[in-house]
Structure formats: structure tokens, C-alpha cells
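Only one structure is covered here, and it is reproduced in the block below.
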Amino acid sequence: MKVHTAKVLSNILSGFILSSAERKKFRLNLMSKLTMEFLPLFEILRNKILNNQIIIIDSKNRKRKIYRFNGLKVDFRGKNSKVIIHSPAIFTNSLIEVGNNCHIEIQNSIHRINNLVIITANKSEIYIGNNFSCVGCKIENRDEAGKIVRIGDDCMFSYDIIFRTSDGHAIYDLENNRYINTPQKGIEIGNHVWIGMGVSILKDVSICDNTIIGAKSLVTKGNTHKNTILAGTPAKTLKQNVGWTRQNTDSHTT
């Protein structure tokens with residue numbers, strides 16, 4: 001049962017109670033009960049009718065359909081879409097909004113995934129690799145349809161990170177009216193990439209394996225060499241032949 005429907009029903013039934021205080025108490029209790037007991041059933045039926053699925057795949061490759069996942073809210077805004085989570089995975093305060101005919105897949109991770117927000121347009125694809133960690137990242141794939149975001153294995157994201165697969169508005173040539181900023185593919189992040197706080201990554205960017213992206217950088221073009229540091233606005237290669245580890249400098253030994 002939708003929250004709006006539960007509210008309407010509780011208002012009607014509470015109208016027979018004379019005391020305003022008792023009416024309010026009755027409405028709150030009834031709404032809580034209706035939404036808690038019937039909302040899961042409503043979501044299951046709605047997703048089944050619209051062919052939307054949340055699928056959990058365990059370590060033995062066994063698949064199970066569910067309607068919710070702890071720490072992760074999945075909001076289907078269309079039909080014929082799948083969200084696939086490989087367990088184990090630990091989410092906190094995360095959200096996925098899914099359009100029509102989308103495929104979102106997140107591999108298992110030993111690290112916590114916090115404040116991950118994914119917003120898709122129609123026919124979008126999002127792939128996140130093994131052992132991904134995140135403090136706060138928003139992936140906006142909402143404007144043009146059919147774009148793909150791929151994030152490799154063992155990537156570590158800080159907070160206030162934004163991915164945008166589109167400029168969101170068209171720029172066109174006044175001589176021939178042709179668009180000059182149409183996104184071509186999406187965004188691709190290689191394996192073992194560390195992205196610092198406040199980084200923005202724009203459309204059609206590809207980042208190589210073992211890259212470090214410095215805090216507050218604006219990435220408009222990708223890099224062509226592994227083991228590099230990118231930083232700045234716009235981001236440029238600052239150093240090559242570097243590696244990184246999740247350990248801090250006190251605990252890391254070479």
C-alpha cells in the first residue's frame with residue numbers, strides 16, 4: 001500500500017473519533033501499521049507486474065529475488081530493469097533510482113559502501129567491481145539514454161564525488177544546428193583507482209588502472225598511462241610510476 005493511500009484511509013477511519021488528540025494518535029498508529037505490513041507486498045506485486053527485479057547472488061552463485069536490501073533503497077521508476085547485488089555487501093544510506101530497461105550490477109565487497117547514489121535514465125548500465133568502497137558518491141546517468149558506467153575492482157572512493165555522463169543541456173553550432181556536446185559512451189574507471197574527496201568526473205572519461213585522482217579535481221579527459229596521479233581543474237597528469245595502498249604511511253611496509 002502506498003503511503004498516500006494509507007494516509008487517506010487513516011483519515012477516513014479517524015473521522016469517527018470525536019477527540020482531536022485521539023484522532024491524531026489513531027491516524028499515526030494506523031498509518032504505521034498499514035505501511036509496515038502492506039508496503040512490502042505492494043512493492044513485490046508492483047515490481048512483478050512491471051518486470052523489475054532485485055537479485056542477490058551469493059558466494060556459491062545462487063540467485064534469490066528480494067524486495068529490499070539493508071542500507072540500500074531501490075526505487076524503480078520504470079519497467080524491465082534489474083538491480084543485481086553480489087553478497088556479501090554492506091551498504092549505508094545508499095539509493096538507486098532506476099528507469100526503464102536498465103541493468104545495474106554491484107559485485108561483492110569486504111569494505112563498506114556508504115552514501116552511494118545512482119540515478120539512471122532509460123537503457124542505462126552501471127557496473128561496479130569487487131571490493132569497492134565509498135564514503136560518498138553520486139553517479140548521475142539520468143539525461144541521455146543508453147550510457148554505461150563501469151567501475152573496476154578494488155576501487156576506493158572518498159566523499160562528495162560526482163559522476164556525470166552528460167552535460168545535461170545541449171550545445172549546438174549556430175551555422176548548422178548540430179549538437180557539439182553529445183555524450184558518446186559514458187564513464188569507465190579501471191581497477192585499483194583511488195578517487196579523492198570532491199572530485200567531479202564528466203562525460204566520456206576513461207581512467208586507467210592504478211590511478212590516483214587528487215582532491216577537488218575536475219576530470220574532463222581520461223589518462224592513457226597506468227600508475228599515475230591526476231589532479232587539478234581540469235585534471236592533468238602530475239606524476240607517473242606510482243602505486244597506492246589502503247594502509248596509511250605508518251602501517252604500510254614495502
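For ALA231, the conditions (1) touching a Leu at 6+ places or on another chain (Cβ under 6 Å); (2) in contact (Cβ under 8 Å) with a residue 40 or more places away in the chain; (3) of a type in the set (A, V, I, L, M, F, W, C) all hold with the exception of (2). Screening the stretch 56-154 for strands (runs of 3 or more DSSP E) wholly inside it with 3 or more residues that are out of contact with any Phe, Trp or Tyr (no Cβ under 9 Å at 6 or more places or on another chain) and charged (D, E, K, R) returns the ranges 63-66.
Residues in the stretch 201-227 that are part of a strand (DSSP E or B) and surrounded by fewer than 20 Cβ atoms within 10 Å (Cβ to Cβ): 2 in all.
Considered as a group, the residues in the stretch 119-146 that are over 27 Å from SER87 (Cβ atoms) and charged (D, E, K, R) include one that is surrounded by the fewest Cβ atoms within 10 Å (Cβ to Cβ), and that residue is ASP143. Within 16 Å of MET156 (Cβ to Cβ), in the same structural domain as ILE119 (by TED's automatic domain parsing) and small (Gly, Ala, Ser), is that true of GLY198? Yes, satisfied.
Residues in the stretch 168-192 that are part of a strand (DSSP E or B) and surrounded by fewer than 17 Cβ atoms within 10 Å (Cβ to Cβ): TYR172, TYR179. Filtered by the rule that a residue be touching a Leu at 6+ places or on another chain (Cβ under 8 Å) and among the hydroxyl-bearing types (Ser, Thr, Tyr), the stretch 65-114 gives a lone residue, SER94.
The values are calculated or read from the model by the stated rules, or taken from the named source; none is laboratory data. Being a predicted model, the structure only gives us computed values, none of them experimental. Glycine also receives a Cβ, built like all others from the backbone with ideal geometry; neighbour counts cover every protein chain displayed.
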